[in-house]
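Let me begin by presenting the structure, written as structure tokens, before commenting on it.
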Amino acid sequence: MKKKIAAIFMITILTLAFYTTNIYATSLVVNPGNNDVVATDVSTTQQAITPTSTETQLQEQQVQNQNQNQNQIQTEQQQTQNQGEQATNTTADLKNDATVNLVEIKDKELETLQDYQDSYGDKTYGFVAYILNIIRLYSIPFGFVGIAISGIYRYIIGIRKLDVRDKGFGAMIGIITVMVICQILPLVFAIVVKGWRG
């Protein structure tokens, strides 16, 4: 519950930060150099008594500051556009790489399936042998995960609850048995099929 509340709190903070930066950026785009204008207005009211040459210099500085701010905004917009184009290019490259990888994996699996079908001399037997080999490969990590979970039930939770301890032990024996069967089954299938068919 605390993790959910913390996650919701972090998401709201991030959205508020993004929203405020977006508002600040749009106000800079809409009113470039607004802060400089306020500062120069204060300075011009204080120096209203000074000669006109200083006023013209201040006006020139205001114009220069506004031009600099506009140039900075334009360069920032160009940078963000370039970054957006680079991001779209990288996502397109990643999608292309992912599709190429999927096609390569599919081709490899089709080749191994064809090898099994050629070695058994029949499409059905080759397909069954291919499926049994996949089961043999994937039974190892799932078996170890199951053994770890049943070990937790037997040796950690089962310290205080004897019924949970017995269930953890039974689950561990069952998972080990299924793992051994999955490892031996392709060999038994190959011996039986090739022995019957010669």
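Residues checked against (1) surrounded by 10 or more Cβ atoms within 10 Å (Cβ to Cβ); (2) within 30 Å of residue 125 (Cα to Cα); (3) modelled with pLDDT under 65:
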| position | (1), (2), (3) |
| --- | --- |
| 44 | yes, no, yes |
| 48 | no, no, yes |
| 52 | no, no, yes |
| 66 | yes, no, no |
| 73 | yes, no, no |
| 92 | yes, no, no |
| 96 | yes, no, no |
(Q) Among the residues of segment 123-146, what is the count of those that are farther than 14 Å from residue 183 by Cβ and in contact (Cβ under 8 Å) with a residue 12 or more places away in the chain? (A) 7
Q: Enumerate the pairs (first residue in segment 162-181 and farther than 14 Å from residue 152 by Cβ and assigned to a helix (DSSP H, G or I); second residue anywhere and among the acidic types (Asp, Glu) and at pLDDT below 95) with beta-carbon separation below 6 Å, excluding pairs fewer than 6 apart on the same chain, so at least 6 apart or on different chains.
A: none
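The values are calculated or read from the model by the stated rules, or taken from the named source; none is laboratory data. None of the values given here were measured: they were computed from a predicted structure. We place every Cβ from the backbone using ideal geometry, glycine too, and count neighbours over all the protein chains shown.
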